[in-house]
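Here is the structure we will look at.
The values are calculated or read from the model by the stated rules, or taken from the named source; none is laboratory data. Note that the structure is predicted; figures quoted are calculated from it, not measured. Please note: Cβ atoms are built from the backbone with ideal geometry, for glycine as well, and neighbour counts cover all protein chains shown. For the accessible areas, the whole protein counts, side chains as well, though only heavy atoms, and no ligand, DNA or RNA atoms are used. Shrake-Rupley method; radii C 1.70, N 1.55, O 1.52, S 1.80 Å.
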Amino acid sequence: MRADRTYAYGAALGFLGDLVAGDPRRGHPVAAFGRVAGALERRMWRDDRLTGAVYAALCTGAAASAAGLAARAARRSPAASTALAAACTWAVLGGTSLAREARAVGAALEAGDLDAARARLPHLCGRDPQHLDAAGIARAVVESVAENTSDAVVGALVWGAAAGPAGLAGFRAANTLDAMVGHRSPRHLRFGWAAARFDDAVGRPGARLTAALAVLAGAHPGAAWRTWRRDAAAHPSPNAGPVEAAFAGALRVRLGGTLSYAGRIEHRAVLGAEFPPPGAADIERAVVLSRRVSALALAVSVLPSLVGGRGPVSFPPRRRAARTSGPAVPNTRQGEAP
């Protein structure tokens, strides 16, 4: 096994681990990070942006540094490096949990059990479900599947390909902090500003790749491309806009519009106005598209290191005076949904 390919093998194993096992009910590393970050937020909170920026830097920096140090410690053993990459990838990916929750809501809608669908929706996203009808719940699920394909899968794979375990951990920490403090509540309007902006920055590459892969993987690539280019900019989120618009076109359903979130009403632009609103059957179609996009994202993230012999940036090994050989090739993965 070549050392520069260990991340690719580990990422593939971690992806399969998430596909087969999903997230554990208890003891998830991301949940543990969330508890620590929550405790620190209660101690550090001030109603200003600077303190919030320090808080975000501490949390994301600690997560990325811990993973980076672990990668450095494991770099001399291909097996250990592969195992670490697999564990980090599995820990930060959430594709299976996303599909499971979306399908649970879809099954309740298809059975005509609106109360069960409303009760299940908060497991998937932060919408206020009590006043949503079946069409509104279906729309919320499809939009959440689209955005979380980027946040819970593709974005993490992109940063893993760029920086190995440190990139995986740093991305997931940033995304988790945004879900915890990045929303526009009175408490977090200023304190969470830096976390929200940082999440926008690190999420940008994954969101664009997700939209592009949705165009390629969907049944209607022309409609997906047109809807993305025409409607994405009208969405208030710079990253959710391209993803949701591309999914809207690929599935030929209408997304966007008025929603109730975190106790407030938002009037968002309509994405794919020429299409019908989604129904319960479109939830499964969205999950299938999400799975295809995720698999393509894995291929895009690991193939360069497998074919070209290059992997994510890592710490170079210390040189030994007695060695005369050439330099070693460097070795190379949730919060509340929208």
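Assorted remarks:
- The set of residues from region 76-115 being open to solvent by less than 50 Å² (accessible area, probe 1.4 Å), under 16 Å from the mean Cα position of the chain (by Cα) and of a type outside the set (S, T, N, Q) comprises 88, 91, 92, 93, 94, 95, 98, 99, 101, 102.
- Hits in region 141-161 (condition: open to solvent by less than 10 Å² (accessible area, probe 1.4 Å) and among the small types (Gly, Ala, Ser)): 144, 146, 150, 152, 155, 156, 160
- When residues of region 28-62 are limited to those that are open to solvent by 60 Å² or more (accessible area, probe 1.4 Å) and outside any helix (DSSP H, G or I), the one nearest to residue 152 (Cα to Cα): 45
- Check on residue 209, among the aliphatic types (A, V, I, L, M), within 20 Å of residue 168 (Cα to Cα) and open to solvent by 10 Å² or more (accessible area, probe 1.4 Å): yes
- The single residue among 203, 164 that is touching a Phe, Trp or Tyr at 6+ places or on another chain (Cβ under 6 Å) and either part of a helix (DSSP H, G or I) or open to solvent by less than 20 Å² (accessible area, probe 1.4 Å) (or both) turns out to be 164.
- Looking across region 220-261 at every residue that is touching a Leu at 6+ places or on another chain (Cβ under 8 Å) and assigned to a loop (DSSP other than H, G, I, E, B), the one that is most open to solvent (accessible area, probe 1.4 Å) is identified as 254.
- Residue list for region 189-200, restricted to those being outside any helix (DSSP H, G or I) and open to solvent by 20 Å² or more (accessible area, probe 1.4 Å): 189, 190
- Residue within region 273-282 that is modelled with pLDDT under 50, open to solvent by 70 Å² or more (accessible area, probe 1.4 Å) and among the acidic types (Asp, Glu) present: no
- None of 182, 126 is crowded, with 24+ Cβ neighbours inside 10 Å, within 17 Å of the chain's Cα centre (by Cα) and at pLDDT below 95 except 182.
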